[in-house]
Amino acid sequence: MPLWLVFTIAFVVLIATTLGSVWYFTFTILYPLVTPEVYIPLTTGGTLLGAFVLFINLILFVILGRLIALPIRRLTRAANAFATRGERIPIVIPSFAPSEVRTLMRSFIELVGSVEAAHKKDVDTSQVKSDFITTAAHQLRTPLTGVRWALEALEKSELTEDQKALVKNATDKCHELVTIVRTLLDISAIESGKYKYAFEQVDLGALCAEVVVDFTPQATERGLVLASVPGGAIPLVRCDRERVKWIIENLVDNAIRYTPQGGHVTIGCSFGAERVFVTVHDMGIGIPAKDSANIFERFYRAGNAVAKENEGNGLGLYIARTIATDHGGDLRFSPNTDGPGTTFTLSLPVGGPATTV
Amino acid sequence: MAEPTNFVLVVEDDPVLKNLLGHTFAGKYQTLYANNGTEALALFEANKPALVLLDLILPGMSGFEILETIRKRTDAQKDTPVIIVSNLGQASDKEKAKALGANDYLVKAENSIEEIVSKMEAMLPK
């Protein structure tokens, strides 16, 4: 039965009989009290009938309310379960419910089905991709090992200076390739959720200082000043030390690569609202607004980044952000207000990801 | 009787990688090579090597199975140091190898032969 009909019938029957009873009692009980000269006798039959009608109407009102409220409540519970946990509670469509409510429930069930199908397809594709990367990376590693070991053996033999330089070139590129393969494997592991983080209490201030020391030669070589700004007392943060260090290294490495000679790269570390923030401030070419939405996508490189001589595979920021979010944190960037360049901010909750608390 | 501590057993099916290891090991260790699990276990039984370098992806029996077989022995040889030298390198592989009793785990492409040698030196009896 459609909702309008339910309400119309309910309105006519319930309201009319209720008003009738109220009217009857008003004239038999209340009215004579105010104007005693008008006396309408209260009969037993009338009282019983009036009381009975009021009682039945009350029950009918409650039933009517529940007729609509119950299925909606059921639907709400199912919607919440699906939204928060992705859980699918079976929904029984009650036959007593008004047809609009039943249609709503049917649409919801269909919606959940199609959302699930789309999600499953996404997961499957992602799995295939991830498996492919893992296999390909392993396949690449075996010949790479041969090249690496052979070059290392060659390095030790008697060579002219020219030959030594050539072998060094090959060795360097070979190491680069090894790193790329490892990055690919790490990404596929992180992406498929198979990556196992080793959580411990980490002093991020000290970690930043460590990165500054590691990268100072590289910065000096490029004529840059790399410095860290003290940011007060920083509590220990529950995180995977190596992975977080990797994020900071990547940010600093990027900052150094994109900052022109004579510029500054500054690392800051601060604490607020149960989070520790690590900022990496560069004086580079900046990230154009049109690229800003994609900068954390896999293999994405901003148009002006590709044009520069810089190397980079467009994976660093993607993994960095995935690691940050896996920690319950985030990685963002904003253009500098005090000049050219960008500031990346890594924020990590002190207690680590919520699921492991 | 040959000094049993002299032998190093290398389980590796790639001929090029085997050559390259042999190139560095020449003069340092008496090296035995096995291409697969059957050969490896036979050589292990006959020569009592002081150390095993073990690849994981092999034809037939996997490195994990070889390691398991060695660790299931009841004699003194069951505690022979085993270094996994493989190009599998996921956390799950490392954990599995550790659980089975591997003494160390090196990803081939990530390590120079020198690094492998220094790990071996640390485990070989002096």
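The values are calculated or read from the model by the stated rules, or taken from the named source; none is laboratory data. These figures come from a predicted structure and were not determined experimentally. Reconstructed Cβ throughout: ideal geometry from the backbone, glycine too, with neighbour counts over all protein chains shown.
Numbers at a glance
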item: Residue list for the stretch B:53-90, filter: surrounded by fewer than 19 Cβ atoms within 10 Å (Cβ to Cβ), acidic (Asp, Glu) and either touching an Asp or Glu at 6+ places or on another chain (Cβ under 8 Å) or in a helix (DSSP H, G or I) (or both); result: B:Glu65, B:Glu68, B:Asp79
item: Failed criterion for B:Pro125 (all others in (1) touching a helix residue (DSSP H, G or I) at 6+ places or on another chain (Cβ under 6 Å); (2) away from chain A (no Cβ under 14 Å); (3) not in a loop (DSSP other than H, G, I, E, B) hold); result: (3)
item: Scope the stretch A:122-162; condition within 9 Å of another protein chain (Cβ to nearest Cβ) and aromatic (Phe, Trp, Tyr); matching residues; result: A:Trp149
item: Selection from the stretch B:109-126 of residues that are among the basic types (Lys, Arg) and modelled with pLDDT of 90 or more; result: B:Lys119
item: Scope the stretch B:98-119; condition in contact with a helix residue (DSSP H, G or I) (Cβ under 9 Å, 6 or more places away or on another chain), touching a residue at least 24 places away in the same chain (Cβ under 8 Å) and more than 14 Å from chain A (Cβ to nearest Cβ); matching residues; result: B:Leu100, B:Gly101, B:Ala102
item: Any hit, the stretch B:16-35, residues being in contact with a strand residue (DSSP E or B) (Cβ under 9 Å, 6 or more places away or on another chain), away from chain A (no Cβ under 14 Å), modelled with pLDDT of 90 or more and not in a strand (DSSP E or B); result: yes
item: Test: residue in the stretch A:195-205 that is crowded, with 18+ Cβ neighbours inside 10 Å, of a type outside the set (Val, Ile, Thr) and away from every other protein chain (no Cβ under 14 Å); result: yes
item: Single residue of B:Asp13, B:Asp93 found to be within 14 Å of another protein chain (Cβ to nearest Cβ), part of a helix (DSSP H, G or I) and closer than 23 Å to A:Val181 by Cα; result: B:Asp93
item: B:Ala50, sole failed condition from (1) under 20 Å from B:Val107 (Cβ atoms); (2) in contact with a Ser or Thr (Cβ under 7 Å, 6 or more places away or on another chain); (3) buried (at least 20 other Cβ atoms within 10 Å of the Cβ); result: (1)
